Structure formats: structure tokens, C-alpha cells
Amino acid sequence: MYRLTTRTRAGTATAVAILILVVVGVMLPAFASRSMIQDLFFILTMLTLAQLWNLLAGYGGLVSVGQQAFVGIGAYAMFAGVILLGWDPVWAIPLGGLAAFLLAVPTAFFAFRLQGAYFAIGTWVIAEVTRLLVAQWKALGGGTGTSLPREATRNIIGTDAIQALFGVRDAAARDILAYWLALVLVVLATAGIYWLLRSRLGLALAAVRDNVDAAQSVGVDAGKLKWAVFLIAAAATGLTGALIFMQTARISPDAAFAVTDWTAYVIFIVVIGGIGTIEGPILGVLVFYMLRSVLADYGSWYLMTLGVLAIVIMLFAPTGLWGLISTRSGLHLFPVRRRLTGAKIEGEN
Amino acid sequence: MIWIDTLVQGILLGGLYALFAAGLSLVFGIMRLVNLAHGDLIVFAAYLILVGVQVLGLSPWVSALVAMPLMFGFGWLLQTVVLNRVLGKDILPPLLVTFGLSVTLQNGLLEGFSADSQRIPAGTLEGASLDLGLVTVGVMPLLTFVSAVAAILALNWVFYHTPLGRSFRATSDDPVAAGLMGIEPKRIFAIATGIAMVVVTLAALYLGMRANFDPSIGPARLIYAFEAVIIGGLGSLWGTLAGGIIVGVAQTLGAAVNPEWQILAGHIAFLAVMLLKPRGLFPRAVD
């Protein structure tokens, strides 16, 4: 009996560890301080964005420098739902995903005509165009931006229960809610990508990444795959953007469409951790957060260090920190490689 | 009448963008390298010129002349030590490295010179204008345009009439075959980036004399430059000038309708060209 499997002992152990981590994460607001919850919110949302960019660039070969378009449009759609339609901010978050999806369709139509470097610049220009157009949207504050109205932020669904449960104030309850939503989002995004990579679609994706011509010759539709990956990543990026700006409750075109915050940081996280692996962004976001904490008082030195670190890693360890660990130890916490197992094969060793 | 004036101003603005883009076009054409730090390198050169003016008391022109060989050396070093290591079939590594360089340069300048706006003093040239009968043009924009054309003429001369240019073209067409003929592609790349940095210094001189600059403005210049290069088509320097003019005219026309639409109109012109001709208007090299 032979079986094709992606399961390994390390993979199963990781799944159990992550399950425990998630349970602890859910219960954390009972013990943790408000600032810790805010830091974790930051880490989780950046990790979500990093996993999505990694899906695009690391697996799909789509090096986009314009993901801030989807963060921004998602955030603005959420604000529009709250301010113009009077929705509850939590229910307006899916609106962000929808808006990002709708923007991604014409973006893909346009950008997929461009190759390589042209694609990167094309997506960036589209993000700039979106930012400039949104800045004309006077109902949402135009170029200076706007805040979520008090009555909307005070009555967010579930915050009353959280206030009663943990005995915290209104603003802290909102942070806890945002943190839980971020936890849900990061688990869904990571699990979704992991599932995708272990499915038929993931196999096709890896084939296209390694050799487009060979993949197409065995019947993989590379064009369709690119569309699927781009639209999924865009919609999820929009949801994340909406959540990030629900927590800050204040928006402006420059903040929502910031290339530094939503693309540069994200790229650095992926590159430092290790592109093309699920472990990489997780490791990367931890390094990123630690650097941020250590260098917080040194202003621009922080970004300079990040930039130099990314260059050094790209030069000397292009597979990132996780690549270094993985090649030395042979460890794969999220195994996606298909192996043939069976009594005979195991017996031969 | 006002439309002719707008058009002329747009063409002259296009000269500035072509100047931003010429170095990028050269490097992109020869080694397909997407330098995301190009805009920040222009700003960096502008600060270098400013230091010459403020600290050494040089005139802006002399200061730029002094800065040019320094920038050539910097470009040569950058290519030799960093960029040559990441060039290859995969476009991701050079993209990420130059992105890292962009962020490093921006924040390095921020640390060194603060976020205050600076300007390279141009003396009497600043407000001078020239009456051409039909329209009146500023001397500075005119000078920028003439410099852009001169830079492109010079680059084209190097490209098509010198042994170095022959090596450039050979490496651009096929680095392996060029290597077989005794050309060391990495050495050629280093010289090309050095020359690109000389053009960057010229662009920086006009950037700094025409308007205020601060460490954060690099990425926007990069986008305009890239739009000019892509509209023009890979490997065509005259195409880059045409691309710069298209972006410049679109911006001035947009601004004439509504000042808030200036930048937007430039981007939309770029997107329109890309929709119609994804390889640009005058592509020379094969992608």
C-alpha cells in the first residue's frame, strides 16, 4: 500500500501547538494589559498582510508593490458603511473585503498585461491613482480624512458584553474586540493558505512557479491561477485593512494608502523571515516587532536598520531566516511537500 | 492661447521627468534592473550638491560638477558590491534589495538633514523668463529641457558610437554571448550604473533648483521616471523623452482643469498607454 501524503510528525506537532496557542490567544484579554493587546493586534494584522503578500509573491510569482491599494480601499469602504449607511463597524468590515475584491478585478485585468518589473510598477501606480481618487471623496473627509463617529464606535456589537466580562472601559473593550477579530483573520488566512498549498491548486501553483511552460504542458491553466491568487489576496487584504482602521477609528488617504506601512514593512517581514514558506512571515513578524521595540526611541534608525537587514538577507541568505533554519535542520512546520509513503518504502530505509 | 501655453509648459515639465528617467532607462535597458531606489538616489544627489553649496560655498553648477564623479563612484560601488550579486532571471531579489536601499536612503537622509524642506539657490535664474512671442517660458524650465535633450544626445552617442556603447548593446542583447567575446558583463553593468548616477546628479541639480525637496519625495519622482521609461519603451532613450513629455503634458493639462487633478492625470495617461501598448510606444530591446 502506497500513499501520497503531506503529513509529517513535525506538521502534526505544529498543528497541536498552534491549536493551544490560539486557545491561549483567545483567553489572553483576561490577563493581558491593554498595551499588550494593542501590540498583539499590530503583530497579528501585519502577519496577515505578510502571509497574503507571501501568497502573491512567494507562491504566485506576482510581485506587487501596490497592496496598499487594497488596504486603503477596504478601510475606506468600511468607513463608508459606517458613516454613509449607518452600519455597525464590525458588519462594515466585510464591505472592505468586497470593495477590495471589486478593485482587484480591473487591477488584475490591467496589471496582468504587464510582465515582471512592469507589473510591480503598474500595481504601484494603480494604488496611487486609487489614493488620489479617494482623496476627492469629500463625504469621507477628502484629503484630510475623517474619524468614525462617536455614536458608532460606542455601540459596536459585542463591546458591552466584553466590558461586562472583563470589567474594562469602552475603548479597551473595542481593542479586545479588534484583537479577537485579528486573531480570527490571521488563523483563517494562514490556515486557508496552508490548505490551498496542500490542495490540487497548490500543486499547480508550485508547478507554475517552478516552470511555467512545463506546468502548462501538463494542463495547468497558469492564467486562471494567477487571477485566483490575486483576487483572494486582494479581498483578504481589504478585510485586514478595514479591521486595522476600525481599531484606529481614524482614517486619511495618506495613512490608508501608505506604501511604507502596508507594503514596505510587509515585504521586509516576508523577506527577513523567508519568502515562499508559511513559517517565514511568522518568524519575520517577530523579528520586525522586536526591532521595533528595541529601536522605538531612535526614530528613523529603525527603518534604516530594517532596510539594511533586508538587503543583507537578500544578499547572503535569500531564503530568509527560516530558510537558514530549515536547510540546516530539515524542519518543516507546515509541510506542503508531497511524499510517497508505505510499508515497503519505510522498510527499505 | 492659454492651451498653447499649457502645452508648452507641459512639454518643458516633461523635460524634467525625462531627466529623472534617463538614468533609469539606461540601467533598465542594459541589465533589466528595476532600481526602486532611483528616486531616492536623485534626492541623495540633491543633498550632495546642497552640501557643496552651503558648506564649501560653491556655485550650484560647480557643486554639481564636483558631485558627478562622486556619484559615478557611488554607482559603480553600488553595482559591484550589491546589485551584481542579485541580478539574474528572478526579478524579485533586485526589486527587494533596491526597495531596502530606498528605505535606507530615505531614513539616512532624514537622520542627517531632518525633514525640513531645502532648496538649492539658483540666484537670478530662479524667476527669469524669456518671451518667445507666442508664449513666455521660464528660463529654468527651458534650461532643464535643453539639458534633458543634451543628456539623451550624449547617452545615445556613447551607446551607438563608442566601444563602450557597443559593449552596452551587446550585453543588453545577450550577456552570455557578450561574455564569450571577452566582455565582462558585471564590469559593464558597474560602468552603466556609474553613468546613470552622473545623469541622476544632473537631474538632482534641476530638482533642487526648481522646487523645494525633502528626504521623502524620492518615491514620487521614481514613479514619474518609471512612467516615462515604460511609456517610451524598453531601451529607447528618445522614447523615454517622449514618455516624459506625455506625462508632463498630461499633468499640466490636468492641472489646468483642476489643480487637484495634476498628478492623477499623469498616472491616467500612463495607464491608458499601457492598456493600448503594454510594451510602450517605441520598444527597442526585447524584454
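For the protein assembly as shown, the calculated P(r) over all alpha carbon pairs, in 20 Å bins from 0 to the bin holding the longest distance, is 18, 50, 28, 4, 0 percent. Under a Gaussian network description of chain B, with springs only between Cα atoms under 10 Å, the residue in B:P163, B:P219, B:P185 that fluctuates furthest is B:P163. If you average the alpha carbon positions of region B:250-275 and of region B:1-40, how far apart do those two centres end up, in angstrom? Centre-to-centre distance over Cα atoms comes out at 15 Å. Over region B:135-283, the pair-distance histogram of Cα-Cα distances with 10 Å bins from zero comes to 10, 32, 35, 17, 5, 1 percent, rounded to whole numbers. Over 26 Å between Cα atoms, which of B:K89/B:K186; A:K226/B:K186; A:K226/B:K277; A:K226/B:K89 qualify? Table pairs above 26 Å Cα-Cα are A:K226/B:K186. Value of Rg to Rh for region A:176-315, rounded to two decimals, is 1.02; Kirkwood radius and Rg both from alpha-carbon coordinates. Panel note: the C-alpha atoms of region A:256-349, placed on their principal axes, show extents of 60, 28, 22 Å (largest first).
With all pairs of separate Cα atoms included, region B:55-124 yields a Kirkwood hydrodynamic radius of 14.8 Å.
Under a 5 Å amide H cut-off, with hydrogens placed 1.01 Å from N, A:G274 pairs with A:L321, A:W322 among residues at least 5 apart or on other chains.
Give, in nm to one decimal, the length gained when the segment between A:A317 and A:T146 is fully stretched (0.36 nm per residue of separation minus the Cα-Cα distance).
Taking 0.36 nm per residue and subtracting the Cα distance, the gain is 57.3 nm.
The peptide list B:244-253, A:184-193, B:129-138, put in order of mean Cβ contacts within 10 Å with the highest first, becomes B:244-253, A:184-193, B:129-138. The share of Cα pairs per 5 Å bin across chain B, counted from zero up to the longest distance, runs 1, 6, 12, 17, 19, 17, 13, 9, 4, 2, 1, 0 percent. Largest GNM mean-square fluctuation across A:Q67, A:Q38, A:Q51, computed for chain A with C-alpha springs under 10 Å, falls on A:Q38. Between the amide H of A:W137 and those of A:G142, distances stay under 5 Å, these residues lying 5 or more places away or on another chain, with hydrogens modeled in the peptide plane. Qualifying chymotrypsin sites (Phe, Trp or Tyr not before Pro) in region A:191-245, where qualification requires a DSSP coil assignment and no more than 11 other C-beta atoms within 10 Å, are lacking entirely. Kirkwood Rh over Cα pairs of region A:24-258 into Stokes-Einstein at 25 °C, 0.890 mPa s: D in µm²/s? Rounded, D is 132 µm²/s. Working note: Karplus 6.51/-1.76/1.60 with θ = phi - 60° gives region B:185-200 the couplings x, 5, 5, 5, 4, 4, 5, 4, 5, x, 4, 4, 6, 5, 5, 4 Hz, where Gly and Pro are set to x.
Three principal axis extents describe the C-alpha atoms of region A:1-103; from largest down they are 60, 41, 25 Å. Given springs between every Cα pair under 10 Å in a Gaussian network model of chain A, which of A:G142, A:G61, A:G280 has the largest fluctuation? Highest fluctuation of the listed residues: A:G142.
Using helices alone, I'd like the mean residue ellipticity at 222 nm for the protein assembly as shown: each DSSP H run of four-plus residues gives -39500 (n - 2.57), total over residue count, nearest 500.
-23500 deg cm²/dmol
Each reported figure results from applying straightforward, stated rules to the coordinates on display, with no laboratory input. All figures in this text were calculated on a predicted structure; none of them were measured in a lab. Because the Cβ atoms are built from the backbone with ideal geometry, glycine has one as well, and the counts that use them run over all protein chains shown.
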